[in-house]
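Reviewing the structure listed below.
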Amino acid sequence: MNPSSLNDSARLPYLDGLRVAALLLLIPYHVGMYYVSWGWHVKSPLSATVAPLVEPFMLLSSPWRLGLLFLVAGAACQILHARQGGWGLLRERSQRLLLPLLFGMAVVVVPQAYYELKTQAPELLPGNGGFLDFWAAYLGLARICKGDDCLDIPTWNHLWFLPYLWLYAALAAALVARPLRLPAWASRPQLPAWTWWLLPALPLVLFRWLLMPWFPSSHDFFGDFYNHAQYGYLFALGWASRSVAAGLWPAALRGRWLSLGLALLAWALLVRYFQAYAGETPPAALRQLMRAVWVLMAWWSILAACGWAQRAFRRDSPSLRAAAAAVFCVYVLHQTLIVVFSQWLAPLGWPAALEAPALVLLTLLGSLLGYALLRRVPGLRVLLGIQAGKGARPPVQAQEAAACSAAASRHS
């Protein structure tokens, strides 16, 4: 399969499939954040006993799930750029990302900040401690501090993905004046197959060695240099995978079993490393080595996901289009629902084995219900990034998707 052989504006089913699959990982991951020892907005009283059991499995997706989303977003933005041009890409991304960001910061994420304060420093709640009093103070940009520790107001919490993605799309629109069309030889570089498992990961290793110790992940838009380096690079790689780096997709498809095996091996090494040095500082050389293993696991997992998506999502379908259309709204809503539902369930005293699946199910159902209702309200639909109803895929794109699926079958 050679994506560059397809029409540049084709929307490929495996990209939709990857977005849907990434969301299905995101909800249980953020539910897991309620139980692990890592910092989050609210924490379960069961964390001390549950965290050692949950954290190794959180590491299965923690290194790579966001990188995969940026790579897929880069490929999708290249398709949009080919279809609408640079100004069209910037206009669409601004409406789709910035309006939901502003609405989300003013409305959607407010319950997260409220329950974070209520569970950690309830004495700082304004007024009578109710949500409406807090919301009024939040919108008024009140300073809520405990000593030098202040609550960030306003905050974007999990919506940080939106301004980062907008930045990379805007830079791409500015740097690429028109759709990039290369000769066939340039989009099929004659490189040994093994290079796809190592060479694209080298910049990511360097970023982790050189930037991460000085600029750890903060989601501070202007100072988050490590995250900008890794996610901007993966976005650019996804964009290039539709042209100059088109060999990525067939390599991922052919080597999906190898990628999966390597990723699982790296995961096992990381789990052993974190368990061995849970209470002490590792040797400097070992720490650097394991940082490289972290990156390699992330890259091999992304390759495995790209390969298996081409195998699993060979054909476009109404159900896949419907699921892909709901992804963005579900993403915007899901974390707030997790926080709210967790506080509703906490007084019941359920064991984690019952509470955690209930949180996943309630969040998924609540998000889908929210999407089903909000998509019918034009004003709210725009504010939540829900696109208007789409018809069937144009015949030429359906043929291109079928061609991709046929090529995937030949490589499987």
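The values are calculated or read from the model by the stated rules, or taken from the named source; none is laboratory data. Since we're looking at a predicted model, the values are computed, not measured. Glycine gets a Cβ as well: all are built from the backbone with ideal geometry, and neighbour counts include every protein chain shown. When the accessible area is computed, the model is the full protein with side chains, heavy atoms only, and any ligands, DNA or RNA have been set aside. Shrake-Rupley method; radii C 1.70, N 1.55, O 1.52, S 1.80 Å.
Numerical summary
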quantity: Unmet criterion (only one of (1) within 30 Å of VAL293 (Cα to Cα); (2) modelled with pLDDT of 95 or more) for TYR115; calculated: (1)
quantity: Residue satisfying all of: in the range 300-317; in a loop (DSSP other than H, G, I, E, B) and in contact with a helix residue (DSSP H, G or I) (Cβ under 6 Å, 6 or more places away or on another chain); nearest to LEU18 (Cα to Cα) among these; calculated: PHE313
quantity: Subset of the range 211-246 (residues that are over 19 Å from HIS158 (Cα atoms), part of a loop (DSSP other than H, G, I, E, B) and open to solvent by less than 20 Å² (accessible area, probe 1.4 Å)); calculated: SER241, ARG242, SER243, ALA245, ALA246
quantity: Hits in the range 83-129 (condition: acidic (Asp, Glu) and open to solvent by less than 50 Å² (accessible area, probe 1.4 Å)); calculated: GLU92, GLU116
quantity: Criterion violated by ASP149 - all others in (1) surrounded by 15 or more Cβ atoms within 10 Å (Cβ to Cβ); (2) over 24 Å from the mean Cα position of the chain (by Cα); (3) among the charged types (D, E, K, R) satisfied; calculated: (1)
quantity: Residue list for the range 253-272, restricted to those being open to solvent by less than 30 Å² (accessible area, probe 1.4 Å) and within 19 Å of LEU59 (Cα to Cα); calculated: SER259, ALA263, ALA266, LEU270, VAL271
quantity: Failed item in (1) part of a helix (DSSP H, G or I); (2) more than 24 Å from GLY104 (Cβ to Cβ); (3) at pLDDT 95 or above, with LEU337 passing the rest; calculated: (2)
quantity: Some residue of the range 97-110 being of a type in the set (Gly, Ala, Ser) and modelled with pLDDT under 90; calculated: no
quantity: Which listed residue is closer than 24 Å to GLU55 by Cβ and either assigned to a helix (DSSP H, G or I) or touching a strand residue (DSSP E or B) at 6+ places or on another chain (Cβ under 8 Å) (or both), from LEU380, LEU320, LEU354; calculated: LEU354
quantity: Conditions (1) at pLDDT 95 or above; (2) aromatic (Phe, Trp, Tyr); (3) surrounded by 13 or more Cβ atoms within 10 Å (Cβ to Cβ): number failed by TRP197; calculated: (1)
quantity: Within the range 146-161, considering residues that are out of contact with any Lys or Arg (no Cβ under 9 Å at 6 or more places or on another chain) and not in a loop (DSSP other than H, G, I, E, B), the one nearest to PHE103 (Cα to Cα); calculated: LEU159
quantity: Qualifying residue in the range 19-37 (condition: at pLDDT 95 or above, surrounded by fewer than 19 Cβ atoms within 10 Å (Cβ to Cβ) and more than 20 Å from the chain's Cα centre (by Cα)); calculated: no
